[in-house]
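Below you'll find the structure, written out as structure tokens, and then a few comments.
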Amino acid sequence: MSSEQRRQMGNLCLTKGGQAGVAYLKHIEREQARQCHAYKTYGFFLKGEQHRYVYASNLRCREDDAIEKRLDILRMFRDYLARTQGYIEESTECEFDAQFRPVHVRKNYAIADLARPVVVWLYAA
């Protein structure tokens, strides 16, 4: 809470009672919950492409988290990509037979350049 909000809550508690102060505090907390939150994650540029990158949106941390937590996220994603040798499935194409079953399935892959990490900012409402 800001100093102005603390002052306002103190005035409400003194003039209108503790319930008014609690109601004001709940109002402030709801307002903060509705605001957009910024998260940070890490990704890697694709090999041979200057403007495309990959990232995992479920591996994220708050922007004010400790450096250890942020580096753990980078390491986890790097380790995952290292297990697949940097290959990321981009899309799957197939043809259908007469009974609409997939045949001739082809997967298209992109390769992440593990030497070129990038910081990705995510905003959640």
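The values are calculated or read from the model by the stated rules, or taken from the named source; none is laboratory data. Computed from a predicted model, the values in this text were never measured in an experiment. Heads up, the Cβs are rebuilt from the backbone with ideal geometry, glycines too, and the neighbour counts pull from every protein chain shown. These area figures cover heavy atoms from the full protein model, side chains too; ligands, DNA and RNA do not enter into them. Shrake-Rupley method; radii C 1.70, N 1.55, O 1.52, S 1.80 Å.
With every protein chain kept in the model, how would you rank HIS51, HIS27 by accessible area, 1.4 Å probe, largest at the top? Walk me through the intermediate numbers first.
Values: HIS51 165, HIS27 90 Å².
Accessible-area ranking of HIS51, HIS27, largest first: HIS51, HIS27.
Placing a pseudo-label 7 Å from each Cα along the Cα-to-Cβ vector at LYS16 and ARG30 gives an inter-label distance of 1.3 nm.
In this structure, the amide hydrogen of VAL120, modeled 1.01 Å from its nitrogen in the peptide plane, lies closer than 5 angstrom to those of THR41, TYR42, GLY43, counting only residues at least 5 positions away or on a different chain.
Given a 1.4 Å probe and every protein chain left where it sits, what share in percent of the accessible area of the chain is carbon and sulfur? Please report the intermediate quantities before stating the final value.
Numbers: 4780 of 9250 Å².
Solvent-exposed carbon and sulfur of the chain make up 52 percent of the total.
Counting only protein heavy atoms and a 1.4 Å probe, the chain has 74 square angstrom of accessible area per residue. Amide H to amide H distances under 5 Å link ALA112 with LYS47, TYR87, ILE88, where only residues 5 or more positions off or on other chains count and H is placed in the peptide plane. Comparing ALA98, ALA115, ALA66, which has the greatest mean-square fluctuation in the GNM of the chain with Cα pairs linked when under 10 Å apart? It is ALA98. On a per residue basis, the convex hull of the C-alpha atoms belonging to the chain measures out at 183 Å³. The lysines within cross-link reach of LYS26, meaning a Cα-to-Cα straight distance under 29 Å and a gap of 8 or more places when in the same chain, are LYS16, LYS40.
Can you tell me the 0 to 90 degree angle between the C-alpha axis of helix 3-16 and the longest principal axis of the chain, rounded to 10? Result, in degrees: 50.
If you keep only loop residues by DSSP, which chymotrypsin sites (Phe, Trp or Tyr not before Pro) in segment 42-125 have at most 16 other Cβ atoms within 10 Å of their Cβ? Kindly include the intermediate steps, with their values, before the conclusion.
Numbers: sites: TYR42, PHE44, PHE45, TYR53, TYR55, PHE77, TYR80, TYR87, PHE96, PHE100, TYR109, TRP121, TYR123; in loops: PHE100.
Filter output for segment 42-125: PHE100.
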